1. Considering only segment 163-180, state which residues are among the acidic types (Asp, Glu) and more than 20 Å from residue 47 (Cα to Cα).
2. State which residue is modelled with the highest pLDDT when the search covers only segment 1-36 and only residues that are open to solvent by 90 Å² or more (accessible area, probe 1.4 Å) and of a type in the set (Lys, Arg).
3. Among (1) under 18 Å from residue 154 (Cα atoms); (2) surrounded by 11 or more Cβ atoms within 10 Å (Cβ to Cβ); (3) modelled with pLDDT under 85, which single condition is residue 85 missing?
4. Given (1) in contact (Cβ under 8 Å) with a residue 60 or more places away in the chain; (2) out of contact with any helix residue (DSSP H, G or I) (no Cβ under 6 Å at 6 or more places or on another chain), identify the lone condition not met by residue 90.
5. If the Cβ limit is 9 Å and pairs must be 6+ apart or interchain, which residue in segment 105-133 that is in contact (Cβ under 8 Å) with a residue 60 or more places away in the chain and closer than 14 Å to residue 84 by Cβ pairs with which residue that is open to solvent by 50 Å² or more (accessible area, probe 1.4 Å) and of a type outside the set (S, T, N, Q)?
6. Restricting to segment 30-63, count the residues that are over 22 Å from residue 164 (Cβ atoms) and out of contact with any Lys or Arg (no Cβ under 9 Å at 6 or more places or on another chain).
7. For residue 104, indicate whether it is modelled with pLDDT under 90 and open to solvent by 80 Å² or more (accessible area, probe 1.4 Å).
8. Among the residues of segment 119-165 satisfying the criterion of being small (Gly, Ala, Ser) and closer than 22 Å to residue 89 by Cβ, which is most open to solvent (accessible area, probe 1.4 Å)?
Amino acid sequence: GNSLHGTVFEFHRDDALDAKPYAFNAQPAAAPRPPFKWDQYGYTAGGPVWKNHVFFMSNFEGYRDRKQFQTPYSVPSAAMRRGDFSELLANLGAINSQTGQRAGLIVDPTQCTVVGTARTCAPFAGNIIPSNRLDATSRQLLEFYPEPNNSTGGLVNNYLALQDRKINKYQFTQRVDFQQTASTWMG
């Protein structure tokens, strides 16, 4: 058209106005709200360059998204990494019908007896494996497990993995129309 016209827009959302994710509602209030920022903004403008003959249209849209995913995992505690499984004694499971041992009780495979078809092994004292009995391969594999960082005080969900996501998108549209009599040229 022969008159200048346009629009400007902005959409903004951030973590200050969001509720905590559902997974964290049952946990203590200390669970942090993950950082989140989302912005979409831009403009559209159009009008004449030369009245009744040359017209322009210009458009821009920007999109910026910043989000952090927080996923809880269970990893070996610092004591378990040293062979101290005494934390499991408080939560001993049911007796296994095949072995006669309680779940969570760490037994010494060198202290086993077999009577008939039943095999019974003596547990390590205090559920602690002596450091000289820890397998070297097991110690090396622990390098691939992170240390607990979530102060839940327990053995479940004691590691909070943080993963940041950043998205930036920008889109431009520019157009010029030339109307030469009855025909229109676009470019």
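The values are calculated or read from the model by the stated rules, or taken from the named source; none is laboratory data. Please read these numbers as outputs of a predicted model, since none were measured by experiment. Glycine also receives a Cβ, built like all others from the backbone with ideal geometry; neighbour counts cover every protein chain displayed. The protein model used for the area step is the full one, side chains on, heavy atoms only, and it has no ligands, DNA or RNA in it. Shrake-Rupley method; radii C 1.70, N 1.55, O 1.52, S 1.80 Å.
1. If the condition is that a residue be among the acidic types (Asp, Glu) and more than 20 Å from residue 47 (Cα to Cα), then 164 is the only one that fits.
2. By that ranking, first place goes to 13.
3. (3)
4. Condition (1) is where residue 90 drops out.
5. none
6. Final tally of qualifying residues: 13.
7. no
8. 151
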